[in-house]
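The values are calculated or read from the model by the stated rules, or taken from the named source; none is laboratory data. In this text, all values refer to a predicted model and were calculated from it rather than measured experimentally. So basically every Cβ, Gly included, is an ideal-geometry build from the backbone, and we count neighbours across all protein chains shown.
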Amino acid sequence: MYNQMRGSILGLLLLISPTITARPMHVVIDPGHGGYDTGATRGQLNEAEVVLNISHYLRRLLQGDARFQVSMTRTSQKFVRLSQRAQLANHKEADLFLSIHANASPDSRARGLEVYFQNQLPPDEESMYLANLEHEGHKEDERYSNRDELQGLQIPVSTTPEVKNILKDLIRGHRVRESSLLAQNVVKHWTGSRKSQQHSVLQAPFFVVSNVNMPSVLVEVGFVSNKKEARQLSTASYQKSIARNLYQSLVDFKESMDK
């Protein structure tokens with residue numbers, strides 16, 4: 001029985017493993033918040049507007065590179081449900097999901113980049129608190145799940161539930177590893193304010209990175225609660241710099257995947 005199941009799994013992995021090609025990588029950019037959900041604010045500065053600007057700058061960079069295809073979950077100041085964002089990425093069968101946010105903290109000294117990917121371990125209290133903040137205003141999305149690890153794969157009808165579950169675990173683990181690699185690339189190419197790499201890459205149960213079927217990260221590009229970073233984030237030059245950093249991290253990630 002074990003050998004039969006092992007053979008089935010190996011056969012399916014060979015069947016579903018994609019052929020390595022240099023095809024364009026489809027990236028879905030997700031500007032956080034929007035509409036009445038302004039996100040973090042400081043005076044006239046609000047997170048939803050800042051991250052939308054950054055997302056537009058990044059989209060232009062990707063559109064000018066034949067190695068990428070790009071979509072956005074919102075292109076204007078409108079409210080989009082978290083479930084709609086995840087559904088869009090899954091429906092398009094994207095290769096990568098990049099959610100862009102700006103941070104806030106009761107401690108005005110808090111600063112720097114933070115990159116989150118899906119957790120498989122119990123999150124620490126701070127990460128859970130931040131994830132809960134991002135969920136505010138989206139309570140009806142909490143029971144939504146659009147994830148199907150086997151979506152888009154041609155699985156033989158005869159495949160047993162046990163083999164399907166093992167495949168799902170393998171695919172889930174692979175996706176988390178790729179998400180971790182992408183998060184590390186974001187830190188590697190970051191030129192703005194930053195913490196140590198050890199404290200810049202974190203895991204947390206954010207809705208959007210937990211409900212898409214592709215590698216995904218949520219990037220907090222700085223703290224609007226920090227006076228200096230808020231001033232930087234309000235300028236087009238700094239927003240464009242962030243977009244370039246994110247673009248370089250995506251280029252690096254794609255080159256790694258192509259190899």
Hits in region 33-48 - residues which are among the hydrophobic types (A, V, I, L, M, F, W, C) and crowded, with 20+ Cβ neighbours inside 10 Å: 40, 48
Inter-residue pairs, beta-carbon under 7 Å, first in contact (Cβ under 8 Å) with a residue 24 or more places away in the chain and in region 76-88, second aromatic (Phe, Trp, Tyr) and surrounded by fewer than 20 Cβ atoms within 10 Å (Cβ to Cβ), 6+ apart: 79/36; 83/144
Checking residue 217 against (1) out of contact with any Lys or Arg (no Cβ under 8 Å at 6 or more places or on another chain); (2) modelled with pLDDT of 95 or more; (3) surrounded by fewer than 18 Cβ atoms within 10 Å (Cβ to Cβ), the condition it does not meet: (3)
Selected residue [surrounded by fewer than 23 Cβ atoms within 10 Å (Cβ to Cβ) and within 16 Å of residue 32 (Cβ to Cβ)] from 210, 241: 210
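Can you go through 87, 44 and tell me which one is closer than 19 Å to residue 175 by Cβ and not charged (D, E, K, R)?
From the options 87, 44, the qualifying one is 87.
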Residues (touching a residue at least 60 places away in the same chain (Cβ under 8 Å) and of a type in the set (Gly, Ala, Ser)) located in region 240-257: 243, 249, 256
Checklist (1) surrounded by 23 or more Cβ atoms within 10 Å (Cβ to Cβ); (2) more than 15 Å from the chain's Cα centre (by Cα) applied to residue 30, failing item: (2)
Filter result for the condition that a residue is in contact with a helix residue (DSSP H, G or I) (Cβ under 7 Å, 6 or more places away or on another chain) and modelled with pLDDT under 65, over 151, 198: 151
